[in-house]
Amino acid sequence: MEGLNIALRTACEKNIFKGVKIPHVDMTISHLFDADDTLFLCEWNEENIKNLSRILTHFHVSSELKVNVKKSRVFGIGVEPEEVERWVAPLGCKPDNLPFTYIGVPVGVNMNLKKHWKLVLDRFHSKLIMESA
């Protein structure tokens, strides 16, 4: 995974792959890793999607590790579903809608509402109980 991390960082430095700029902070995020899960974050444009596909193909060829496209999903935030459907073809993934859960944390829900924190709090609580046992 370190190889993929380096490939993505290099692609971002060379403007081959453009991550998401965080407002009010001089920071761009292009990917997050957790064990064998990866979340790619990028500007929504056809060139970015094609370049991500190329990066993943090169990673597969060099490492023999391959993305499980049956488990992978693409989310276009603020994008028409038809456009998401059209652009996921190079990646071989399925389009999906928000919200979703990543590493046990809800993504795409209003976290200002108390009810959306229940899943997160329940998860922490279960981990605390397991570790104290």
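Listed by first and then second residue, the pairs with beta-carbon distance under 8 Å, at least 6 apart or on different chains, first residue in segment 53-64 and part of a helix (DSSP H, G or I), second surrounded by fewer than 14 Cβ atoms within 10 Å (Cβ to Cβ) and not aliphatic (A, V, I, L, M), are F59/G3; H60/K66; S62/G3; S63/G3. So which residues in segment 76-133 are in a loop (DSSP other than H, G, I, E, B), closer than 23 Å to W44 by Cβ and of a type outside the set (A, V, I, L, M, F, W, C), if there are any at all? Hits for segment 76-133 are G76, G78, E80, P90, G92, N97, P99, G108, N110. Count of segment 54-76 residues, restricted to those that are under 16 Å from the mean Cα position of the chain (by Cα) and surrounded by 12 or more Cβ atoms within 10 Å (Cβ to Cβ), is 9.
K70 falls short on exactly one of the conditions (1) touching a residue at least 12 places away in the same chain (Cβ under 8 Å); (2) closer than 24 Å to V84 by Cα, and that condition is (1). When segment 74-127 is filtered for residues that are small (G, A, S) and assigned by TED's automatic domain parsing to the domain that holds D37, the ones remaining, listed by number, are G76, G78, A89, G92.
Rundown of residues vs (1) surrounded by fewer than 16 Cβ atoms within 10 Å (Cβ to Cβ); (2) under 14 Å from the mean Cα position of the chain (by Cα); (3) in a loop (DSSP other than H, G, I, E, B), yes/no style:
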residue: G3; (1), (2), (3): yes, no, no
residue: I6; (1), (2), (3): yes, no, no
residue: A11; (1), (2), (3): no, no, no
residue: K18; (1), (2), (3): no, yes, yes
residue: K21; (1), (2), (3): yes, no, no
residue: H24; (1), (2), (3): yes, no, yes
residue: E43; (1), (2), (3): yes, yes, yes
residue: E47; (1), (2), (3): yes, no, no
residue: K50; (1), (2), (3): yes, no, no
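Scanning for something farther than 21 Å from V79 by Cβ, in the same structural domain as F75 (by TED's automatic domain parsing), without any contact (Cβ under 8 Å) to a residue 60 or more places away in the chain and in contact with a Lys or Arg (Cβ under 9 Å, 6 or more places away or on another chain), does segment 19-29 turn up at least one residue? Yes, the conditions are met somewhere in segment 19-29.
The values are calculated or read from the model by the stated rules, or taken from the named source; none is laboratory data. A quick note: this is a predicted structure, and the numbers were derived from the prediction, not measured. Note that each Cβ is placed from the backbone with ideal geometry, even for glycine, and that neighbours are counted across all protein chains shown.
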